[in-house]
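Structure first, commentary second.
Every read-out reported here was derived from the displayed coordinates using simple, explicitly stated rules and does not represent laboratory data. Computed from a predicted structure; not experimentally measured. Here the Cβ positions follow ideal geometry from the backbone for every residue, glycine too, while neighbour counts run over all protein chains shown.
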Amino acid sequence: MSSPSSSGGSGNRSFPPPILLKIFNIIFTLVLTLLGLTAVTFIIGRVMPVDPVVAIVGDRASKEVYDAMFLELGLDKSILEQYFIFLKKTLHGDFGKSIGTARPVLDDLLHFFPATLELATIATFLGILFGVPMGVIAAVKQGKWIDHVVRVIGLFGYSVPIFWLALVGLLVFYARLEWLPGPGRIEVYYDGIVDPITGVILIDSAWQGEWEVFENAFSHLILPSLMLATFALAYIARMTRSFMLDQLSQEYVLTARVKGLSELSVIWRHAFRNVLVQLITIIGLTYASLLEGSVLTETVFSWPGIGQYITSSLFNADMNAVIGGTVVVGICFVGINMISDFLYKMVDPRTR
């Protein structure tokens, strides 16, 4: 007579499997977030005190032209009907045409977004490269002079307006010292030499062996990325210091030191590993904020990124471009948060 536990090997299996439930939850959360984002963005774009018809045809157009464009845009329908039409087009990658560029908004986004991605990625990398060690050292040397220096740097980078810092950087390093090139992503005479495969000039120029273009693009990238990295560095350093101070006060750190482990081992192999989960979340949020919040840096340096594109579109009442750009930024936020969740589950098995 077989026991109940051996009567069926599948008796203890749950259906559906946990992995399918996790995938379903991720997809459901992603769809729900994007639906909410598109709905809020679309409604705000429609209720703003801006007439999209006038923005297209001008304020001197005849009533017949105005009415024809009004019907073409579907503004005679209710906001709910307009939203569902917009949602259907969005699912097919159609955000409409931009008033400013007279091109499909999707083409504009594919052109401008890689520039922002390039700038924000390098700025975030610099923030991690310098901010994490600075935060760890400040926590280990709490109350010492180096801790005060790191805290002052963090306060400076977190509180100084980025546009002022960018203007000072241009004045000093471009206008006075002439160490670095001025605004723009690349010199005009290099424009068009590299085929835009990915849209990221550094990658495309290196891939195609155009090293002069690579050098010129890299030199233009140094100053804006450094200015933008000050915020990332300050935030990451401050949060790393706070997380490390909390871990260094735990009993397991005292136990590790009593056992005779080296200070480097105690700090990096034990204390730092326990702050990685929190740190990954902070880095993800910093990266996402730089992707959508670099508009002032892009404006000062004439950087053709998505932040400048959305801002100029907003001033020109180009709501198709504004809505399309906002949706792309929202997708980036959701995507980066999902990647952060995946990474800290890899780092800390307890969160799986």
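P(r) tail for the range 99-253, what percent of Cα pairs lie past 27 Å?
Working: 4793 of 11935 pairs.
Of all Cα-Cα distances in the range 99-253, 40 percent exceed 27 Å.
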For the range 193-208, Karplus couplings with θ = phi - 60° (6.51, -1.76, 1.60), whole Hz, Gly/Pro x: 6, 9, 6, x, 6, 9, x, 8, 4, 4, 5, 5, 5, 5, 5, 9
Percent of alpha-carbon pairs separated by more than 16 Å within the range 18-91: 61 percent
Cα gyration tensor shape of the chain, rounded if a/c is under 1.5, else prolate or oblate by comparing a/b with b/c: oblate
Inter-label distance for Thr281 and Val54, nm, one decimal - labels placed 7 Å from Cα along Cα-to-Cβ: 4.7 nm
Mean projected area in nm² (Cα convex hull; one quarter of hull surface) for the range 221-273: 4.4 nm²
FRET E, pair Glu212, Phe163, Förster distance 35 Å, beta-carbon r, rounded to 0.05: 0.65
Helical mean residue ellipticity (222 nm; -39500 (n - 2.57) per DSSP H run of 4+; nearest 500) of the chain: -22000 deg cm²/dmol
Phi to ³J(HN,Hα) by Karplus 6.51 cos²θ - 1.76 cosθ + 1.60 over the range 119-127, Hz, x for Gly, Pro: 5, 5, 5, 5, 5, 5, 4, 5, x
Estimated Rh, the range 138-224: Kirkwood, alpha-carbon pairs, angstrom: 15.6 Å
Karplus 3J(HN,Hα) series, Hz, for the range 299-313 with 6.51 cos²θ - 1.76 cosθ + 1.60 (x for Gly, Pro): 5, 5, 9, 6, 8, x, x, 6, x, 5, 5, 5, 5, 5, 5
Peptides 230-236, 81-87, 300-306 ordered by average Cβ neighbours within 10 Å, highest first: 230-236, 300-306, 81-87
Cut-off under 5 Å, modelled amide H: who pairs with Lys97 long-range: Val105
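Once fully extended, how much extra length lies between Arg103 and Arg176, figured as 0.36 nm per residue of separation less the alpha-carbon to alpha-carbon distance?
Details: separation 73, 0.36 × 73 = 26.28 nm, distance 3.93 nm.
Extra length from Arg103 to Arg176 when fully extended: 22.4 nm.
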